[in-house]
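Report on one structure; see the data block that follows.
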Amino acid sequence: MKLLIRPAAEVAIKSKPVRRQQMRHLRQNIRKLLARLDDDIHVEGSWDRVDVAIPDGRGLAGPVIDELGRIPGISTIQEIGVFPWISMDDVAEQAVAAYADRIRGKTFAVRVRRHGNHGFRSIDLERFVGAALFEASEPEGVNLRNPDIEVRIEVHEDHYHIAHRKHRGAGGYPLGAVETVMTLVSGGYDSSVAAYLMMRRGLRSHFLFFSLGGPAHEIGVRQVVHYLWDRYGASHGAKFISVPFEAWSLKSCVQSTSAIGGWCSSARC
């Protein structure tokens, strides 16, 4: 199975050197996180896309898509079928096999993108495939502005792909490509949601907690922060810093540090 990942709009509008740098960050983050699922998942790409190849027969499609949907910097994740270029008839045949049942009773539109030189225009292939789909199925009609189903085809020099399903990504910038911040957390809704939204915007976060409610409160906050980090920021290490305000801390200071993978939790004054 193959996935095509497109970067978020914030990345796409950058100048080419900045975009290349941010796409490099995105590929590194994706490789690091998907390696936790399977070392055989292959990630490559260019300045405007990331391609992910998933080994067949291991039940990885669902977990991989779920993981990708939580990685900052991704706009869309498309499940694609890749085929060698033979002819426009072959493209139409593959499109009918993939979409004939899905467009029945619905409006649809065919969108084609080409890379390289070909003996036809994108609109020629759109019309050819659209006619084949209309004949093979029973759609409600063609709607180029707001269709129920979009049939997306991308043609390269010697191959083409057809997008089957599209999934929405988290958006924002790739984690580590922007700034590193210190997030003050209390364990309540406000600070937890703020930390989540900042990570979605690509801000690598460390966490600062003022311990006022005793050990039980601190344990709860650590669990919340670890959950946020593990789901949305695990491509980079993070520190949890606890400042003790118990009565004993006025006379002494105790520091302890533990690390699990990329996660570091510490208490210090």
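Given 0.36 nm per residue, what is the gain on full extension from ASN143 to SER186 after removing their alpha carbon distance, in nm?
10.5 nm
What net charge is computed for the residues neighbouring PHE108, neighbours being all others with C-beta under 9 Å from the C-beta of PHE108, Lys and Arg scored +1, Asp and Glu -1?
-1
Which value, in Å³ per residue, describes the convex hull spanned by the Cα atoms of the chain?
154 Å³
Subtracting the Cα-Cα distance from 0.36 nm times the residue separation, let me have the gained length for LEU212 to LYS106 in nm, one decimal.
32.3 nm is the gain from fully extending LEU212 to LYS106.
Lys/Arg Cβ at +1, Asp/Glu Cβ at -1, dipole of the chain taken about the Cα centre: which of PRO244, PRO17, HIS118 is farthest positive-ward?
Working it through, the farthest residue towards the positive pole turns out to be PRO244.
Given Cβ point charges of +1 (Lys, Arg) and -1 (Asp, Glu) and nothing else, what value in debye, to the nearest 20, does the dipole of the stretch 1-141 about its Cα centre take?
With Lys and Arg at +1 and Asp and Glu at -1, about 940 debye.
Would you mind checking LYS16/LYS166; LYS32/LYS166; LYS166/LYS239; LYS14/LYS239; LYS14/LYS166; LYS16/LYS106 for any pair whose Cα atoms are more than 28 angstrom apart?
Cα-Cα > 28 Å for LYS166/LYS239; LYS14/LYS239; LYS16/LYS106; rest within.
How large is the helix-only mean residue ellipticity at 222 nm for the chain, computed as the sum of -39500 (n - 2.57) over DSSP H runs with n ≥ 4, divided by its residue count, in deg cm²/dmol to the nearest 500?
-10500 deg cm²/dmol
State the antiparallel share, in %, of DSSP beta bridges confined to the stretch 2-168, rounding to the nearest 5.
So the antiparallel bridges in the stretch 2-168 amount to around 75 percent.
With +1 assigned to the C-beta of every Lys and Arg and -1 to the C-beta of every Asp and Glu, and no other charges, what is the dipole magnitude of the chain about the Cα centre in debye, to the nearest 20?
Dipole size: approximately 1160 debye.
Projecting each Cα onto the charge dipole of the chain (Lys/Arg +1, Asp/Glu -1 at the beta carbon, about the Cα centre), which of ALA53, VAL91, GLY188 comes out farthest on the positive side?
Toward the positive end, the furthest listed residue is GLY188.
Give, as a single signed number, the net charge of other residues whose beta carbon lies under 15 Å from the beta carbon of VAL224, with Lys and Arg counted +1 and Asp and Glu -1.
My count for the surroundings of VAL224 gives -1.
Using a cut-off of 14 Å between beta-carbons, work out the net charge of the residues near THR183 (Lys and Arg +1, Asp and Glu -1, THR183 not included).
Within the 14 Å Cβ shell, the charges total +3.
Values in this text are rule-based calculations from the coordinates and carry no lab data. None of the values given here were measured: they were computed from a predicted structure. Cβ coordinates were reconstructed from backbone atoms using ideal geometry, including for glycine residues, and neighbour counts include every protein chain displayed.
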